[in-house]
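Scroll down for the structure; my scribbles are underneath it.
Values quoted throughout were computed directly from the atomic coordinates according to the rules given, and no laboratory measurement underlies them. Everything quoted here is computed from the prediction, not taken from an experiment. So basically every Cβ, Gly included, is an ideal-geometry build from the backbone, and we count neighbours across all protein chains shown.
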Amino acid sequence: MSHLKIEHIEKSYGERSVLKDVSFSVQEGEFVSLLGPSGSGKSTLFRIIGGMTAPLSGAVYLEGEDITGKRGSISYTPQSPSLMPWRTTLQNVLLGQEIVGKKDEEKARDMLERAGLKGYEQAYPHELSGGMKQRASFIRSILSPQSLILLDEPFSALDEFTRLDMQQWLLSIWSEYKRSILFVTHNIEEAIFLSDRIIVLSDRPATVVKEFNIPFDRPRREDLLLTEEFLHWKKLIYQEMRVLNE
Ligand SMILES: Nc1ncnc2c1ncn2[C@@H]1O[C@H](COP(=O)(O)OP(=O)(O)OP(=O)(O)O)[C@@H](O)[C@H]1O
Ligand SMILES: [Mg+2]
């Protein structure tokens, strides 16, 4: 049984059709990226999987259970970081654990330090930069207890090197925690470097046009980015995306 299964999801806003017959699945412990043009419907799909929005038709299953329109079964981090302005950074990252009554402050402090946020534990969101907010909300979702994590472009506000650091960090945490991750990005390199599998979505209305299994061994190191093999995958996926944008 797949961990997550999306079946025939359709969604429109008024006349505008956003998702058209979207179906795919994620296996236990798998890292899957959704790659698609801007405005194609990726965040909308995430909101549906996270139970924030109902689809017009179709269903979302987690471990075989129908969770369509239900919140809380999946750890969902929206695209723009949604830290609570009245809580400190530390209180914000502990939110997901607090809800289930299992706070591990030591681990939270350790993660904040690894994400370069040491010294900001007691700071409020308005005192953080955009990238810092992204990192804090990302830590919150990693610390949440759910077995599937949805990440919607968590690194888009970071410079190239911080981004690489965070990608490495995400991979080390993922291998340590063994969760399933569904990741949205429009960065091809990022998708290849991180994923077991990449699902390419078409322009709006989004539908699955192609899937790629990424064969690189793990753990993956930064120098992978400079290999011929990596470039080969980049070209392949780039060509696929280019056709979509024509
Ligand atoms: N609440 C809403 N009401 C009306 N239209 C919406 C709403 N949310 C999204 N849309 C429309 O749905 C389409 C897809 O938006 P969505 O945010 O899912 O795209 P995306 O693929 O995540 O884009 P990006 O890569 O830029 O984040 C857009 O045309 C957008 O205008
Ligand atoms: Mg989006």
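In what sequence, highest mean first, do 152-164, 62-74 appear when ranked by Cβ atoms within 10 angstrom?
Per-residue Cβ counts within 10 Å, averaged per peptide and sorted highest first, yield 152-164, 62-74.
Its residues counted as N, the stretch 93-166 yields a C-alpha radius of gyration over 2.2 N^0.38 Å of 1.08.
Just need the relative contact order of the chain here, percent rounded to a whole number, with Cα pairs under 8 Å and 6+ apart. Please report the intermediate quantities before stating the final value.
Working: 444 pairs, mean separation 64.1, N = 246.
26 percent.
Among 103, 178, 133, rank each residue by its count of other Cβ atoms within 10 Å, from fewest to most, as a rough exposure measure. Each step should come with its number before you reach the end.
Working: 103 14, 178 9, 133 20.
By the 10 Å Cβ count, ascending: 178, 103, 133.
Only Cα sites of the chain enter the Debye sum here, all with the same form factor; the resulting log10 I(q)/I(0) across q = 0.14, 0.15, 0.16 1/Å is -0.95, -1.09, -1.23, listed in q order. If you average the C-alpha positions of the stretch 179-243 and of the stretch 95-172 separately, how far apart do those two centres end up, in angstrom? Centre-to-centre distance over Cα atoms comes out at 23 Å. In angstrom, the C-alpha Rg and Dmax of the stretch 160-246 are 13.5, 41.
Equivalent-ellipsoid semi-axes for the stretch 1-116 (Cα gyration tensor, √(5λ), whole Å, largest first): 30, 17, 14. A straight Cα-to-Cα reach below 22 Å connects residue 133 with the lysines 42, 103, 107, 118, residues fewer than 8 places away in its own chain not being considered.
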